[in-house]
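Asker: Okay, here's the structure, questions in a sec.
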Amino acid sequence: MHRLSITARSSSVSALLRYGGALRRDVLAPISSSHLTKVGEKDSQARWFSILGSDKSSTIESANHPNLRKDLFLGRRCESTAAESSASSSPPAERYEYQAEVSRLMDLIVNSLYSNKEVFLRELISNASDALDKLRFLSVTEPGLLKEEVDFDIRIQTDKDNGIISITDTGIGMTRQELVDCLGTIAQSGTAKFLKALKDSKDAGGDNNLIGQFGVGFYSAFLVSDRVVVSTKSPKSDKQYVWEGEANASSYTITEETDPEKMIPRGTRLTLYLKRDDKGFAHPERIQKLVKNYSQFVSFPIYTWQEKGFTKEVEVDEDTDEAKKDGQDEKTEKKKKTKTVVEKYWDWELENETQPIWLRNPKEVTKEEYNEFYKKTFNEYLEPLASSHFTTEGEVEFRSILFVPAFAPSGKDDIINPKTKNIRLFVKRVFISDDFDGELFPRYLSFVKGVVDSNDLPLNVSREILQESRIVRIMRKRLVRKAFDMILGISMSENREDYEKFWENFGKHLKLGCIEDRENHKRIAPLLRFFSSQSEEELIGLDEYVENMKPDQKDIYYIASDSVTSAKNTPFLEKLAEKDLEVLFLIDPIDEVAIQNLKSYKEKNFVDISKEDLDLGDKNEEKEKEMKQEFGQTCDWIKKRLGDKVASVQISNRLSSSPCVLVSGKFGWSANMERLMKAQSMGDASSLEFMRSRRVFEINPDHAIIRNLDAAYKTNPDDEDALRAIDLLYDAALVSSGFTPDNPAQLGGKIYEMMGMALTGKWSTHDQFQSTVTQPHIPETVEAEVVEPTEAGGQK
């Protein structure tokens, strides 16, 4: 029996911690000799010493020291300085080695490092791949290692009835001593040791495809197994050895294999006897799925033992009794018929046919190969819109292939769910994870699918967690940059329909990027597309807008609305349309927030034409002064009537055909944003009042209604009809400007009243109208004529 050893053995430090450690710096702590292995100690007596040291001798010769009990309970202050310690001659420090309870340590390794049981197969296949890689490397200088002409492969066979999994490789195998060193020593990696030997040799520059590095991957077998049997044959040895260990055991056995039926020509066979609750892993279909998920791109062929079948036609005998019409009996006739049956058999099936094309030179990979790889890897049936194959070198080295899907998922919920399965992370072709929360790609680029393979990622021992580090941030930055280059390539494609399809599916993602990723505004902005007042049918980009700007135009104008129809008919657009100034239509709910975060593009500020202080570059101060003098008092009269509904009444420079408009203040919500915030199911009513911007009532002095009101103010400012007209004018401006009236019924009543006043007497005279309304219809009384009855034949 061999007892498991630890690479760095020492005593349990719990003895030190129990007596206070750093928390009780002035107390002498007794250390029991049963917990410590004394190094260089002549006497067998127990020693007492202070953890932090003392100005006097730190040892006490006898356990029966008279002051010992007092010191333990009252405490003994031990001050020590650098000068005193250097001046005094203290005895040499005693060195101890850590010890560990092996069964407990094994339990921690198995159940704490790995959160998902199914990774056991990934770890064991990686070990088998390393064994094959070692043999291939060593056989270059030692051809005798390949005297057994056996193919390099990995084979997995299951027995679902008994819950047994067998994993066999034809790699380098292990000798008896290597079994003790590699499987009997926890956290000693044979692969890491082999790599160190390579670095120390002249062949350090060779290709490194070995996966293992921690020395605990083998023990993941105990995640699902009660007992593990390792049968191994090294080409360096004539004998085959069997290692056997059990879960929660502190020992293992090694025996020499003597059964001829269990002999293998070369390599290692692991036999896992599964736990009762984990026997589901022994199903061939489950193993096949795990291999395709985790080890699909391992460089050696992996075979699984699968049940197969083929159809064939077989003859069957069918007995039929036919009786003659005259009732005589006839002999039974046998008719030869065939039927289709499925013949089942068991055979090896190759599971990793798909090659890791990201390891190849991009110039050698065709578009058809990229499309086929995309469909198989991500279970897609449509070809991607674009792909990007690149290798990054420098501080971080990795290879990657990124794809832009043709369509968004049917649910279209990836924009709010940062956790997607679209990026598959590999380390040396072994799948690590596809469950990321924004480590490699930001949320707004979660639709990008791809493969990332690196040899030096900062992984934890279980290879499941991508730890936050500078390397990960560098990787993320380069992946995002490549993704933008790929999308930009679609936008510059000769086929305009490709980017239209992309924008229809993923446009909202890029708009979300304007809000969440300010660092990449310069990359996102050229990709945005909007409708405009001069392009109501086709989307245009910001570059195209800037090219079409007037020579004296300083800003990029936009209006937010719920549709193109309402945007193009808004009164805010009247003067700009006259000047032939293009205005972007923001019709998606996210558009306005995205543009506000973008702020500017190519040194051109974004300006909302529905807000106050709109500058169209045509200010005429003299004319404005004249208008203010002429209509200033009228504006004050209208403001007095409207009261707190508006902050001020001003003369507008944006209207041409409408009498008035209600504009928002510079700061706060626009009419469109106010409408959206009201519609939020979790909206806060108190914040609605706080964020509602000041409203400015702008009037058009050239309009007939405003001139009539001006005349009414100058003749009779208290006229009720004029005041009601102001109220109705405000309500109409409220609706036409995109706001929601507080009392729609009251607005309807005002409209009906004005309609009644306008239509009275238009098609009928006043007298007819009065008689129709005031005189009720009185029916005329008519006497009934009595008719006497007559008999038949005309006689009375």
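Asker: Of the numbered conditions (1) at pLDDT 90 or above; (2) among the small types (G, A, S); (3) surrounded by 15 or more Cβ atoms within 10 Å (Cβ to Cβ), A711 satisfies every one except a single condition; which is it?
Answerer: Only one criterion is unmet by A711, namely (3).
Asker: Separate question: Considering each residue of the stretch 432-453, count those that are outside any loop (DSSP other than H, G, I, E, B) and at pLDDT 85 or above, and give that number.
Answerer: Number of matching residues: 8.
Asker: Mind telling me which of the residues E538, E504 ends up being acidic (D, E), assigned to a helix (DSSP H, G or I), surrounded by fewer than 18 Cβ atoms within 10 Å (Cβ to Cβ) and modelled with pLDDT of 90 or more?
Answerer: So the residue among E538, E504 that is acidic (D, E), assigned to a helix (DSSP H, G or I), surrounded by fewer than 18 Cβ atoms within 10 Å (Cβ to Cβ) and modelled with pLDDT of 90 or more is E504.
Asker: Residues in the stretch 349-358: is at least one of a type outside the set (A, V, I, L, M) and in a strand (DSSP E or B)?
Answerer: Yes: the stretch 349-358 contains one or more residues that are of a type outside the set (A, V, I, L, M) and in a strand (DSSP E or B).
Asker: Hey, another quick one. Being on the phi < 0 side of the Ramachandran plot, assigned by the TED database to the domain that holds D278, open to solvent by 10 Å² or more (accessible area, probe 1.4 Å) and more than 35 Å from the chain's Cα centre (by Cα) is the requirement here; does D161 meet it?
Answerer: Answer is yes for this residue.
Asker: So, in the stretch 337-371, of the ones that are under 30 Å from T391 (Cβ atoms) and β-branched (V, I, T), which residue ends up most open to solvent (accessible area, probe 1.4 Å)? It would help to see each step written out before you state the result.
Answerer: Here is the first cut: in the stretch 337-371, the residues under 30 Å from T391 (Cβ atoms) are 350-371.
Restricting the remaining residues to those that are β-branched (V, I, T) gives 354, 357, 365-366.
Values: T354: 22, I357: 11, V365: 14, T366: 65 Å².
Checking each candidate, the answer is T366.
Asker: Next question, about the same structure. If the Cβ limit is 6 Å and pairs must be 6+ apart or interchain, which residue in the stretch 719-742 that is assigned by the TED database to the domain that holds S658 pairs with which residue that is surrounded by 15 or more Cβ atoms within 10 Å (Cβ to Cβ) and outside any helix (DSSP H, G or I)?
Answerer: L729/C660; A733/C660; A733/V661; A733/L662; L734/L662; S737/V661; S737/L662
Asker: Could you tell me how many of the residues in the stretch 372-383 are open to solvent by 20 Å² or more (accessible area, probe 1.4 Å) and either among the β-branched types (V, I, T) or touching a residue at least 12 places away in the same chain (Cβ under 8 Å) (or both)?
Answerer: 5
Asker: Here is a further query. Take the residues in the stretch 247-257 that are loosely packed, with under 15 Cβ neighbours inside 10 Å and at pLDDT 90 or above, then tell me which one is farthest from N111 (Cα to Cα).
Answerer: Looking at the filtered set, the residue picked out is E256.
The values are calculated or read from the model by the stated rules, or taken from the named source; none is laboratory data. Predicted, not measured: the structure shown is a model, and the values here were computed from it. For neighbour counting, all protein chains shown are included, and Cβ atoms are generated from backbone atoms with ideal geometry for every residue, glycine included. Just the protein is used for accessible areas: all its heavy atoms, side chains included, with ligands, DNA and RNA removed. Shrake-Rupley method; radii C 1.70, N 1.55, O 1.52, S 1.80 Å.
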